[in-house]
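For reference, the structure discussed in these notes is given below.
The values are calculated or read from the model by the stated rules, or taken from the named source; none is laboratory data. All values reported here derive from a predicted model rather than from experimental measurement. Glycine also receives a Cβ, built like all others from the backbone with ideal geometry; neighbour counts cover every protein chain displayed. In case anyone asks, the SASA skips ligands and DNA or RNA and just uses the protein heavy atoms, side chains included. Shrake-Rupley method; radii C 1.70, N 1.55, O 1.52, S 1.80 Å.
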Amino acid sequence: MLFLTILLRVLGVAGAPIGIDEATFVDRVPAAGENPHYVGHRPPLAPSPLLALPPGAVRPEGWLRTQLEREAAGFVGHLGEISSFLRREGNAWLSPTGAGHSGWEELPYWLKGFGDLGYVLGDERIVAEARVWIEAILASQDADGWFGPRSNRTRLQTDRGGKPDLWPNMLALRGLRSWHEHSGDERVLALMTRYFRWQLSVPDADFLLPDWQQQRAADELANVHWLYDRLGEPWLLELAEKIHRHTANWTDGVANWHGVNIAQAFRGPAGWWAQSRDPRHLAATERNLGAVLAEYGQVPGGLWAADENCRPGFTDARQAAETCTMVELMLSAELLAGWTGDPKWADRGEEVAFNSLPAALTADLRALHYLTAPNLVRCDAASKAPGLQNGGPMLRFDPHDHRCCQHNVAHGWPYFAEHAWMATADRGLAAVLLAPTTVTAKVADGTIVTLRATTSYPFGEDIAVRVATPAPVRFPLYLRVPAWCARPELAVNGQALPLARAGPGFARLERTWADGDEVRLHLSMAIEVRRWPAQHGAVSVHRGPLAYSLRIAEKLVPSGGTDAWPAWEILPASPWNYALVLDETDPAASFTLVRREMPPDGQPFEHRSAPLELVARGRRVPEWTEDPLGLVGPLQASPVRTAEPIEEIALIPMGCARLRVAVFPVAGAGPDARAWVAPEK
């Protein structure tokens, strides 16, 4: 029997525990090792703990595939038919001379996500359409290295003869990078080399002048490092230093309070840290985001109040964030996870992806709105300024409007899918973002394996990873354990393996894997009630990665658009002004979880088909009403005195709710309870 057990372990027969008695728990994925199969940072840059896989290596399944397929069938996949900025006739991005209309950010914003959408889904129509624009961009380069619309070369300071605006090309390069990673097209490397040579020649006085390019130049730093990692040309590090030197100073604090600038630029010092190796640059990224969240982000959903800029005094849960902010913060989190191996960035990205992004679009992904707030009870076409900073129909769901977000939202779900799995420096694989996916990648000595993650997470607690391999192969597998999980459970082929710690971190399994091996990770989700002092003692309700919002009945009202691509207002059709009644000794015990089947159409982010519900108790607060603009009235101090009867109410995941109250006052009856003051008419 002993001989048979040893033989099974040597041969790697499925079901046999091979070379492993327990799982190792690590705080982060280590950077030690060398992975020749995928491109990470090249010395002297700090080594990459996690390495991106080529677009298409991760195939989405389940609810994630539904989001991507609906994106392809929705306005993103057909934006060429909708957006005037993508009109091909006379378009500057299609012109070999760079002349024409729509030469700024809109086309490359859309293209970088649209192309990846095609690669992730294997959608030939989308890839072919993306190729039209990619080929034109590759053919547009001047002899001196400039490419793309010529209007951007003289867009700034026209009173001084015109200076270059590099911002649109930063976006175009991101799309070209994905095309190269997907196809191996060497023309991308040649174009980037010539273009970066030109940048190195630009006088300092004309380089990265104030505009989006100066705030968001970390995007260009990442492009330069990407090319350096492939070519190893030392002059690229010289250019990287020049870019950092001219970027807005995010090292010493928050350099700008524009919502999208924050989402992109807060990561900039950490990107430079890879070259500087100075710990203060890495610390600056964490400090900056912490400062923004402390002042403007005391709400669920992972975002901050910036509609469109952060404004002192405008911090209530009714303040909103742009859809651009959501997808850019997700990308920043994905990049930071790769640069650092730190799981907290994946936690941050999931918080936005699951709670905020779905509610920024209709459930069929055929329309979006510009701004989304944790407390938002009317999505109509009326302007909400100055309650929201931006005027106009910012809350209407409209595929024809919301210019930057209309184009930039394209990359949210494709990049999420691509970063769900990443290669590790020690020639393994890591499940970084947890979702139903299948990944095919090289491990160890180059053996190609396929891992399939079957799960309904974030709605379910269990993730099963099944291994397919042509032969037994030893490599490390990392599974992320989120910070909120206090009791993770792990098993390999049915054998329980104790985990010494709770999240955040990674469960690391190194063994000789055989075809058919299966790992099961159980992430127990406990109900948690969070109190927000900055919101006058109001609370939000959480379970695992999901925050919860009141279920509000929706009335859809047509609001323009076209027959093929209509716009919509969503109005409340049930009461929303509830204060929660909580068990004072155990607030989490105030809620009963109800589970339902995942919806048959595969779309769980919809208020009528939410697979989870928390049954709660609440009292209405009659004085809590909409203000004259149609915004939910600001929160007032909890506990709130109300004589209304206790009602049973339903809370659903925040991402399922386009109309939402996710930050609740608390009902009370004691001497500390205060009457709600109705707003003046």
How many residues does the stretch 335-382 hold that are closer than 14 Å to PHE397 by Cα and of a type in the set (Lys, Arg)? 2
Selection within the stretch 256-284 - open to solvent by 40 Å² or more (accessible area, probe 1.4 Å), in contact (Cβ under 8 Å) with a residue 40 or more places away in the chain and part of a loop (DSSP other than H, G, I, E, B): ASN256, TRP257, ARG277
Assess whether ALA507 counts as being buried (at least 19 other Cβ atoms within 10 Å of the Cβ) and either of a type in the set (Gly, Ala, Ser) or at pLDDT below 95 (or both). yes
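Applying the selection to the stretch 481-498, what residues are more than 12 Å from GLU518 (Cβ to Cβ), assigned to a loop (DSSP other than H, G, I, E, B) and touching a Pro at 6+ places or on another chain (Cβ under 8 Å)?
So in the stretch 481-498, the residues more than 12 Å from GLU518 (Cβ to Cβ) come out as 481-489, 496-498.
Pick out the ones that are also assigned to a loop (DSSP other than H, G, I, E, B) and you get 482-487, 498.
Residues satisfying the conditions are PRO482, ALA483, TRP484.
Which one of these is under 23 Å from THR251 (Cα atoms) and aliphatic (A, V, I, L, M): LEU227, LEU208? Before you say what the answer is, go through the steps one by one.
Details: LEU227 fails: under 23 Å from THR251 (Cα atoms).
From the options LEU227, LEU208, the qualifying one is LEU208.
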Total residues in the stretch 543-559, condition farther than 13 Å from HIS607 by Cα and either of a type in the set (Ser, Thr, Tyr) or not in a strand (DSSP E or B) (or both): 3
Scanning the stretch 150-190 for residues that are out of contact with any Asp or Glu (no Cβ under 8 Å at 6 or more places or on another chain), open to solvent by less than 50 Å² (accessible area, probe 1.4 Å) and among the basic types (Lys, Arg) gives ARG177
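Quick one: which residue in LEU94, LEU79, LEU68 is within 21 Å of PRO168 (Cα to Cα), open to solvent by less than 10 Å² (accessible area, probe 1.4 Å) and modelled with pLDDT of 95 or more? I'd like the intermediate steps shown before the answer.
On the way: LEU94 fails: open to solvent by less than 10 Å² (accessible area, probe 1.4 Å); LEU68 fails: within 21 Å of PRO168 (Cα to Cα).
Of LEU94, LEU79, LEU68, the one residue that is within 21 Å of PRO168 (Cα to Cα), open to solvent by less than 10 Å² (accessible area, probe 1.4 Å) and modelled with pLDDT of 95 or more is LEU79.
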Tally time: how many residues in the stretch 296-330 are outside any loop (DSSP other than H, G, I, E, B), of a type in the set (Val, Ile, Thr) and in contact with a strand residue (DSSP E or B) (Cβ under 9 Å, 6 or more places away or on another chain)? 2
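Could you list, in sequence order, all residues of the stretch 468-498 that are in contact with a Phe, Trp or Tyr (Cβ under 8 Å, 6 or more places away or on another chain) and either more than 19 Å from VAL29 (Cβ to Cβ) or open to solvent by 30 Å² or more (accessible area, probe 1.4 Å) (or both)? Spell out how you get there, then give the answer.
First pass over the stretch 468-498, keeping only residues in contact with a Phe, Trp or Tyr (Cβ under 8 Å, 6 or more places away or on another chain): 469, 472-475, 477-481.
Scanning the stretch 468-498 gives THR469, PRO472, VAL473, ARG474.
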Scope the stretch 133-165; condition under 26 Å from GLU186 (Cβ atoms), part of a helix (DSSP H, G or I) and touching a Gly at 6+ places or on another chain (Cβ under 9 Å); matching residues: TRP133, ILE134, ILE137, ARG150, ASN152, ARG153
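In the stretch 369-382, what count of residues is obtained for those that are buried (at least 24 other Cβ atoms within 10 Å of the Cβ) and of a type in the set (A, V, I, L, M, F, W, C)? Working first, answer last.
Going through the stretch 369-382, the residues buried (at least 24 other Cβ atoms within 10 Å of the Cβ) turn out to be 369-376, 379.
In the following step, the residues that additionally are of a type in the set (A, V, I, L, M, F, W, C) were identified as 371, 373, 376, 379.
The total comes to 4.
The rows are residues; the columns are (1) open to solvent by 40 Å² or more (accessible area, probe 1.4 Å); (2) in contact with a helix residue (DSSP H, G or I) (Cβ under 9 Å, 6 or more places away or on another chain); (3) of a type outside the set (S, T, N, Q); (4) free of Cβ contacts under 8 Å to residues at least 40 places away in the same chain.
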{"site": "ARG511", "(1), (2), (3), (4)": "no, no, yes, no"}
{"site": "LEU521", "(1), (2), (3), (4)": "no, no, yes, no"}
{"site": "GLN535", "(1), (2), (3), (4)": "no, no, no, no"}
{"site": "LEU546", "(1), (2), (3), (4)": "no, yes, yes, no"}
{"site": "LYS555", "(1), (2), (3), (4)": "yes, no, yes, yes"}
{"site": "SER559", "(1), (2), (3), (4)": "no, no, no, no"}
{"site": "LEU571", "(1), (2), (3), (4)": "no, no, yes, no"}
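Please tell me if GLU613 is touching a strand residue (DSSP E or B) at 6+ places or on another chain (Cβ under 6 Å), touching a residue at least 24 places away in the same chain (Cβ under 8 Å), charged (D, E, K, R) and closer than 30 Å to PRO386 by Cβ.
No, not satisfied.
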Selection count where residues are in a loop (DSSP other than H, G, I, E, B) and open to solvent by less than 20 Å² (accessible area, probe 1.4 Å), scope the stretch 643-675: 7
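Considering the stretch 279-322 alone, what residues qualify as being of a type outside the set (A, V, I, L, M, F, W, C) and closer than 14 Å to GLN389 by Cα?
ASP307, GLU308, ASN309, ARG311, PRO312, GLY313, THR315, ASP316, ARG318, GLN319, GLU322
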Selection count where residues are outside any strand (DSSP E or B) and either within 13 Å of VAL539 (Cα to Cα) or touching a Ser or Thr at 6+ places or on another chain (Cβ under 6 Å) (or both), scope the stretch 560-583: 3
Consider THR562 carefully, then state whether it is under 31 Å from the mean Cα position of the chain (by Cα) and modelled with pLDDT of 95 or more. yes
Go through the residues of the stretch 618-628 one by one and say whether even a single one is among the β-branched types (Val, Ile, Thr), part of a loop (DSSP other than H, G, I, E, B) and surrounded by 13 or more Cβ atoms within 10 Å (Cβ to Cβ). yes
What helices (runs of 4 or more DSSP H), lying completely within the stretch 199-248, carry at least 3 residues that are at pLDDT below 95, open to solvent by 10 Å² or more (accessible area, probe 1.4 Å) and within 20 Å of VAL260 (Cβ to Cβ)? none
So which residues in the stretch 380-411 are more than 22 Å from PRO558 (Cβ to Cβ) and of a type in the set (S, T, N, Q)? GLN389, ASN390, ASN408
Count, please, the residues in the stretch 529-551 that happen to be within 19 Å of PRO458 (Cβ to Cβ), touching a Ser or Thr at 6+ places or on another chain (Cβ under 7 Å) and among the aliphatic types (A, V, I, L, M). 1
For SER609, work out the one condition from (1) crowded, with 22+ Cβ neighbours inside 10 Å; (2) among the hydroxyl-bearing types (Ser, Thr, Tyr); (3) more than 29 Å from GLY670 (Cβ to Cβ) it doesn't fulfil. (1)
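Check ARG318, ARG311 and return the single one that is among the charged types (D, E, K, R), crowded, with 24+ Cβ neighbours inside 10 Å and more than 23 Å from SER178 (Cβ to Cβ). Break it down into steps so the answer makes sense when it comes.
Numbers: ARG311 fails: crowded, with 24+ Cβ neighbours inside 10 Å.
Result of the check over ARG318, ARG311: ARG318.
So that you can scan it fast, the table gives a plain yes or no per residue for (1) β-branched (Val, Ile, Thr); (2) in contact with a helix residue (DSSP H, G or I) (Cβ under 7 Å, 6 or more places away or on another chain); (3) open to solvent by less than 10 Å² (accessible area, probe 1.4 Å); (4) assigned to a loop (DSSP other than H, G, I, E, B):
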{"residue": "GLY412", "(1), (2), (3), (4)": "no, yes, yes, no"}
{"residue": "ALA423", "(1), (2), (3), (4)": "no, no, yes, no"}
{"residue": "ALA453", "(1), (2), (3), (4)": "no, no, yes, no"}
{"residue": "ARG466", "(1), (2), (3), (4)": "no, no, no, no"}
Quick test of your reading of the structure: ALA294 fulfils all but one of (1) open to solvent by 30 Å² or more (accessible area, probe 1.4 Å); (2) under 30 Å from ALA240 (Cβ atoms); (3) of a type in the set (Gly, Ala, Ser). Name the failing condition by number. (2)
